[in-house]
Amino acid sequence: MTVKSSISLANDQHAFAKTLVEAGRFPSMSAVMQQGVELLRQQLEAESMERAALAEVLKQRRAGKFISASTMDERIAAMLARKRQAHAVQD
């Protein structure tokens, strides 16, 4: 089912959409607008899913074991030493 809707576009938006139709990329201005709305919907859904995934990661991290800053510094120093040795990098 389709619904007729009246929209207003800025001059540059209209010109861009018109060139897409004239180039044969879309059959009509309506098809250009439909594609634009669909892309926006997909983008917003993806952002929502990313936020939910990030919230879950943060929730899991809060519930997990934390280490001190000094322990993290030691781990990073050890990792860097291993990488330097593996790649023969001099200090």
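The values are calculated or read from the model by the stated rules, or taken from the named source; none is laboratory data. Keep in mind the model is a prediction, meaning the values are calculated, not measured. FYI the Cβ positions are ideal-geometry reconstructions off the backbone, even for glycines, and counts take in every protein chain you see. Just so you know, the surface numbers come from the protein's heavy atoms only, side chains and all, with ligands and any DNA or RNA stripped out. Shrake-Rupley method; radii C 1.70, N 1.55, O 1.52, S 1.80 Å.
In the context of the full set of protein chains, residues of the chain present 91 Å² of accessible surface per residue (probe radius 1.4 Å, heavy atoms only).
When the square roots of the Cα gyration tensor eigenvalues are ordered a ≥ b ≥ c, the ratio a/c for region 37-81 is 1.5 or more and a/b does not exceed b/c, which makes its shape oblate. Applying both filters, DSSP loop and at most 10 other Cβ atoms within 10 Å, to the trypsin sites (Lys or Arg not before Pro) of region 35-82 gives 65.
Rounded to the nearest 500, the 222 nm mean residue ellipticity of the chain from helices alone is -25000 deg cm²/dmol, with -39,500 (n - 2.57) taken per DSSP H run of at least 4 residues.
Stretched out fully, how many nm does the piece from residue 73 to residue 26 gain, at 0.36 nm a residue minus the Cα gap? Intermediate results must be reported in sequence, preceding the final value.
Working: separation 47, 0.36 × 47 = 16.92 nm, distance 5.65 nm.
Here the answer is 11.3 nm.
For region 2-91, the share of accessible area belonging to carbon and sulfur comes to 57 percent (1.4 Å probe, ligands and nucleic acids excluded). Give, to the nearest whole percent, the P(r) tail of region 1-80 beyond 17 angstrom, counting all Cα pairs. Result for the distance tail: 69 percent.
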